[in-house]
6 protein chains.
Amino acid sequence: MADILAHYSEHKEALYSSVLADILDSLGCRTSALPPDVRPLRSEWKLLGRAATLSAAPVDAEPKDAYAVELECIDHLQPGDVLVASTQGDRKSALWGELLSTAARAHGAVGAVLDGFTRDAARILAMDFPVFAAGFSPLDSKGRLDGMNHGRPITIGSCTIRPGDWIFADIDGVVCIPAEQAETVFLRALEKVTGENRVRAELARGRSAREVFKEFGIL
Amino acid sequence: MADILAHYSEHKEALYSSVLADILDSLGCRTSALPPDVRPLRSEWKLLGRAATLSAAPVDAEPKDAYAVELECIDHLQPGDVLVASTQGDRKSALWGELLSTAARAHGAVGAVLDGFTRDAARILAMDFPVFAAGFSPLDSKGRLDGMNHGRPITIGSCTIRPGDWIFADIDGVVCIPAEQAETVFLRALEKVTGENRVRAELARGRSAREVFKEFGIL
Amino acid sequence: MADILAHYSEHKEALYSSVLADILDSLGCRTSALPPDVRPLRSEWKLLGRAATLSAAPVDAEPKDAYAVELECIDHLQPGDVLVASTQGDRKSALWGELLSTAARAHGAVGAVLDGFTRDAARILAMDFPVFAAGFSPLDSKGRLDGMNHGRPITIGSCTIRPGDWIFADIDGVVCIPAEQAETVFLRALEKVTGENRVRAELARGRSAREVFKEFGIL
Amino acid sequence: MADILAHYSEHKEALYSSVLADILDSLGCRTSALPPDVRPLRSEWKLLGRAATLSAAPVDAEPKDAYAVELECIDHLQPGDVLVASTQGDRKSALWGELLSTAARAHGAVGAVLDGFTRDAARILAMDFPVFAAGFSPLDSKGRLDGMNHGRPITIGSCTIRPGDWIFADIDGVVCIPAEQAETVFLRALEKVTGENRVRAELARGRSAREVFKEFGIL
Amino acid sequence: MADILAHYSEHKEALYSSVLADILDSLGCRTSALPPDVRPLRSEWKLLGRAATLSAAPVDAEPKDAYAVELECIDHLQPGDVLVASTQGDRKSALWGELLSTAARAHGAVGAVLDGFTRDAARILAMDFPVFAAGFSPLDSKGRLDGMNHGRPITIGSCTIRPGDWIFADIDGVVCIPAEQAETVFLRALEKVTGENRVRAELARGRSAREVFKEFGIL
Amino acid sequence: MADILAHYSEHKEALYSSVLADILDSLGCRTSALPPDVRPLRSEWKLLGRAATLSAAPVDAEPKDAYAVELECIDHLQPGDVLVASTQGDRKSALWGELLSTAARAHGAVGAVLDGFTRDAARILAMDFPVFAAGFSPLDSKGRLDGMNHGRPITIGSCTIRPGDWIFADIDGVVCIPAEQAETVFLRALEKVTGENRVRAELARGRSAREVFKEFGIL
């Protein structure tokens, strides 16, 4: 594992979310992707790290201890972590923002992914801290969204993310790779990238798509 | 007021929609933001001005006097105005376009915000005229949307905008600041920006997020 | 026809989807635009070509002959074609991707339009191959979406596209121009562009929008 | 025509919306049905009459002359009419209610169909006046919805209804039969009902569905 | 107040949600109705009582103390209360069911209203305990929805409900009457019912709707 | 198994979908329910049988062999089967109707469940053949929906149904019980019904809900 993942920054460039999803499909894991409205703030960003999970929920009123769970979660982040937050698909306020990004990065986190909204997007872009979110709101979460717990499995759409799973995110979306399958998945994905390069070359010179698919079995 | 707002272009750079929404929240005004699907055509745009309102509605057929209310509204625009149009969330055609942008700018308007669609986006971008809209359509509004009245309060999502209210819009969204609260809101927002700068510095050097929040009470 | 369309690349620059939609409106064709969620991956792209149609549908399980119809469709593409695919608005996986883009371009296609998702967006952008899609997913279509037939009329939203119709797509959206009306539509659209230029100049110098509209009848 | 439609109450019992939609399909009219959320308040109701159209739209504020178009439309109703109202799919208030039902019935109308909400449903049920609506709201339309015009074609979903078209509505939904096709449609529908009776008998005694369909071509 | 509300069961029969909403509109309270998808399980039910509020939220995992807040809320119910629960519009499981209905009734509650789902609908109907909900699910809330607090103001759609407000619900929907306005609202509503009876009689005998509205100003 | 299920009609009366979902939850199967918009045409219906699956998909045009897969599926139905059809959530036409109900019943099927629309609802109600569907349309499926295959696993919402699984449906919704767990599930569900009866009695006499839950652990 160390061989493969220690140097993940180089694999990050060689890989992409779609090839990882293909390998997970082939292993019977067909719900590997987060919902398609979770998008990068900057389309060039690629993100790879271990999931640190946060579960939040919409609320009707300000709780006694606003932000308590969120802040505790931030303070538990480890180098290489990707904070992955469920907001139950909330569309009323922004769970994430620039100060949380600053704190997360200071603890070593490499990015954040959430099924809700972010704010302070201009400064997050200026920080070049990869955030993948479902949209934007100027409204703070206080009295609108509250942290429930962190460090437990969460479900976003039909994808379950457990702490320690690997998250790979790019312009095509966000894929969760179960920790115990990571080595297999990354190895096979690198192999498939090579295969795709050959297919691409064949197709680019005008060969019949049917023939090429018949020969290589890759699309 | 004049002291604060006359030179709004400099404050525009120092401020952002999220800090304004926070101040409005603290004053009990928790529906200050337009719906999150109202987005800038160019994410770098910031917009600040006084609301001039237009109310439009989807229609089944071409009215006798197509565009009449829209054109009258344009001709009443004053320097510094932001045209804010309600289309009742229409998704069938574009109320806004390049020629209206040209006319609005010629009357001194600094931007336009609508809960419906725009068209001619390429030329609006070339004009660098800040338009915030819910999407794009090549279809004209004639026979699909019609102006009902202008210069009266409108409601978009749960936010009510009255003529003369202040509109601040950026990548995070669009905030409406009631005219009578503007001075308070802008002053407090500038103060909060200063406080956030200190918090950011503390967080960036790796202090516990809980401790920093406990000390400054800002997030 | 040849005079007008043979040199379409120059007309492509002079034209835009909104003026084409206006001419089609004036001819009684008011459902000329695809749904507004079909967006260009790069907002600067303009696309003009003849429709080659593909009909796909969401499925529960992997069919015997995955990709068969899609590949056959690709192999039938002709120079100047725009592949237009219906997925019945599927939001579960990506019908389109980089290898299909490569194969389509190798057969002479100038772009692709679909009411579903694409993947491999980074490499499609790098290819500069204009794809207009409703979003992104890392998930492959195998066992999720399947080609039903190609070369037959398809319906996307309220717009019917027949093979051979002309497709014009830009930042404002995608317009379908029925083949038999293309000559009329393109000629009138070029005329309207000229009229709009005059209106723009009048509006830009601050004349009343009502007066200018009264004089020119163009908006 | 008179022979067929004068005695429509007896045909009303023999017919149903699905067989009428089948005949319209066979004549190439495939958008004959209103959207499926337009439902009868009482599932046993059947409604047949000539369309009298009303176009309404959501508004931001109370107009000068609230209800004016609605009341004028009611006062123009003729015996046998079905009031068909478009609200642009409004979901904020009820265009229809008991007093309008009372007035409409007093003018001879046999029912009402709208793509928006009704209120006073208990008393409309007590009146046994067939109303087909998209739901219920206790909120009045004043300042929320306003009549735009009446007696002009309207479009609900993908179905266009012109004054004088025939409306047939039952538990399965609402079908619009263009006036000029009504005689053909009603005659063929009665014939198809007869054919279906034979097919039903064959199927009920356990014959292979494929065989029966092969023999009769009806499903 | 006692005179009016002590005998509310008789007023309940004379009143209906739409007339109460009209009076609230006339007092400037235009967000008095819950969203239209909150429907009675039995359309004949009418419900009147004082709001006892419960706030729940969707969660990713089973909390330590499942049901704790819900049960505490039930045990605090007083005779004449209507339990009003916010679930943040959850559509994944049923917050409400037969056993909670049984317990609520045993504590004197007269009904329950929620913006989420119920289950055990057959037995709730058999109990004749008025429940107004947004739908049905066989799935229990445990690990899907959790109580956050009770006895505090909640917001459902654009309507805020405070403990002690009056709830009136019938086939047209659910209206919240602020406690301090209740006496005025009920009195005026009873008056308006009388006025409507006269208008109905005038309309039923075929008078022009415009004339009747001009004379009585009621619709 | 035979002991339990052979006499399922009596268990059908004793059981309900919510108690079955609770047992499945307790066994770790938390996606046992179909989406909540799949509703019985008659709310009193209860349905229990073995799943026979059909997969259909929306299409753009009439296929060569309309209805072929549907009819073949019907002809393969066995006594005690429940036809469960996926339409990919189609909302454009009705897959199901009276003639298919007639044929299905003649082959011994006890009901039908689909995530799309039905038509001929009046006659299906008259037949008393339990159909659970997502709504109604008068439009036939021909050229709108087509059968893809039958007798293979299908997925509706997040619930996967395999041929031979047990389907239990009532007013609360539709639950799928995997064949290999059926004996356990039905036995435990009958036990839980007994427990609930005791809890209900305790609650009905006004005991604290918290105490009763503490004592019995059932809600």
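No lab work stands behind these numbers, since they all come straight from the coordinates. It should be emphasised that the depicted structure is a prediction, and the values quoted were computed from it without experimental measurement. Neighbour counts run over all protein chains shown; Cβ positions are idealised from the backbone, glycine included.
Taking the alpha-carbon centroid of each part, what is the distance from the stretch D:34-74 to the stretch F:104-122 in angstrom?
Between the Cα centres of the stretch D:34-74 and the stretch F:104-122 lies a distance of 33 Å.
Peptide F:81-90: average number of partner chain Cβ atoms within 10 Å per residue?
What the average comes to for F:81-90 is 2.
Given the pairs B:Lys12/C:Lys214; B:Lys92/F:Lys92; B:Lys12/D:Lys92; E:Lys64/F:Lys192; A:Lys214/C:Lys12, which are separated by over 29 angstrom at their Cα positions?
Violating the 29 Å limit, Cα to Cα: B:Lys12/C:Lys214; B:Lys12/D:Lys92; A:Lys214/C:Lys12.
Can you tell me which of F:Lys12, F:Lys192, F:Lys64 moves the most in a GNM of chain F? Springs connect C-alpha atoms under 10 Å apart.
The residue that fluctuates most here is F:Lys64.
Calculate the translational D of the protein assembly as shown in whole µm² s⁻¹ from Stokes-Einstein, where the hydrodynamic radius comes from the Kirkwood formula applied to all Cα pairs, the temperature is 20 °C and the viscosity 1.002 mPa s.
Once the numbers are plugged in, D ends up at 65 µm²/s.
For n ≥ 4 DSSP H runs only, could you compute -39500 (n - 2.57) per run for chain C, divide by its residues and tell me the 222 nm figure to the nearest 500?
Calculated mean residue ellipticity at 222 nm is -10000 deg cm²/dmol.
Looking only at the stretch E:21-45, which residues have a backbone nitrogen under 13 Å from a spot 7 Å from the Cα of E:Ala179 in the C-beta direction?
Flagged as within label range: none.
Based on the mean of other Cβ atoms within 10 Å per residue, sort peptides E:98-104, E:57-63, B:205-211 so the most packed one is first.
Result, highest mean first: E:98-104, E:57-63, B:205-211.
Between E:Leu145 and residues 5 or more places away or on another chain, which pairs have amide H atoms under 5 Å apart, with H built 1.01 Å from N, and which residues are they?
E:Val59
Hey, got the average number of other protein chain Cβ atoms within 10 angstrom for residues in E:173-181?
1
What does the average come to when, for each residue of peptide D:93-102, you count the partner chain Cβ atoms lying within 10 Å of its Cβ?
5
Could you compute how fast chain B diffuses translationally, taking Rh as the Kirkwood radius over C-alpha pairs and applying Stokes-Einstein at 4 °C with viscosity 1.567 mPa s? Give it in µm² per second.
In µm²/s, the coefficient is 72.
So what J values fall out for the stretch C:196-212 if you push phi through Karplus, 6.51 cos²θ - 1.76 cosθ + 1.60 with θ = phi - 60°, rounded to Hz, Gly and Pro as x?
5, 4, 5, 4, 4, 4, 5, 5, 5, 8, x, 5, 4, 4, 4, 4, 5
Report the net charge of residues surrounding C:Glu44, where surrounding means a beta-carbon distance below 14 angstrom and charges are Lys +1, Arg +1, Asp -1, Glu -1.
+2
Let me check against my output: what whole-number percent is the relative contact order of the stretch D:1-158, with C-alpha pairs under 8 Å and at least 6 apart?
Computed over the stretch D:1-158, the figure is 31 percent.
Within the stretch F:153-169, what residues put their amide N at less than 19 Å from the label point 7 Å along the Cα-to-Cβ vector of F:Gln78?
Within reach of a label on F:Gln78: F:153-154, F:161-168.
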